[in-house]
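A quick write-up on the structure given underneath.
The values are calculated or read from the model by the stated rules, or taken from the named source; none is laboratory data. Just so it is clear, the model here is predicted, and its values are computed rather than measured. Neighbour counts are summed over all protein chains in view; Cβ atoms, including those assigned to glycine, are modelled from backbone coordinates with ideal geometry. For the accessible areas, the whole protein counts, side chains as well, though only heavy atoms, and no ligand, DNA or RNA atoms are used. Shrake-Rupley method; radii C 1.70, N 1.55, O 1.52, S 1.80 Å.
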Amino acid sequence: QVQLVESGGGLVQAGGSQRLSCVASGSIFRSSAMAWYRQAPGKARELVASIIIGGTTNYGDSVKGRFTISRDNAKNTVYLQMNSLKPEDTAVYYCHIRFETSSYWGQGTQVTVSS
C-alpha cells in the first residue's frame, strides 16, 4: 500500500504563487509516474500535470506556461510550482501515483485563489 501526503495548499491572491508537495511512502516512487489533478466544485477531476520516470512532463492546456511539475526521487516527493495563479485555479489538488497496474491518490489539498 502506498500513501501520498500532500501539503502546501491554502489561500493566495490572484497573480501570486504557491508550491504544492506530495510525499509518497514505500519504495516504488522512482519507478512510478506521478501527476497532479484538480477538481473544482461541480466539475470533473482534470489532469493538471504529469511527470514520468525519465522526467518527461505533460501539462493541461489551462496551466501551460504557469505551472511546473518536478520530482525528487531521493525524497520520494513530487512538486507543483504554481505561478500567475487565477481564481479559476481554485480547486482541490490531488497527487496521483501510477506504478505498473496500480495507482493511488492522495487526500487532496485545497487551493483557493482570491480575485
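What to note about this one:
- Within the range 1-36, restricting attention to residues that are within 11 Å of the chain's Cα centre (by Cα) and farther than 14 Å from Tyr104 by Cβ, the residue that is least open to solvent (accessible area, probe 1.4 Å) is Leu20.
- Contacts under 7 angstrom Cβ, first residue in the range 1-20 being on the phi > 0 side of the Ramachandran plot, partner open to solvent by 50 Å² or more (accessible area, probe 1.4 Å) and not in a strand (DSSP E or B), 6 or more apart: Gly15/Ser84
- Criterion (farther than 14 Å from Leu20 by Cβ and within 12 Å of the chain's Cα centre (by Cα)) met by exactly one of Ile69, Ile52, Ile97: Ile97
- Selection within the range 37-60 - open to solvent by less than 70 Å² (accessible area, probe 1.4 Å), modelled with pLDDT of 95 or more and part of a loop (DSSP other than H, G, I, E, B): Ala40, Gly60
- Counting the residues of the range 82-112 that are in a strand (DSSP E or B), open to solvent by less than 60 Å² (accessible area, probe 1.4 Å) and not aliphatic (A, V, I, L, M) gives 9.
- Considering only residues in the range 65-81 that are of a type in the set (Ser, Thr, Tyr) and within 16 Å of Ser25 (Cα to Cα), the one that is most open to solvent (accessible area, probe 1.4 Å) turns out to be Tyr79.
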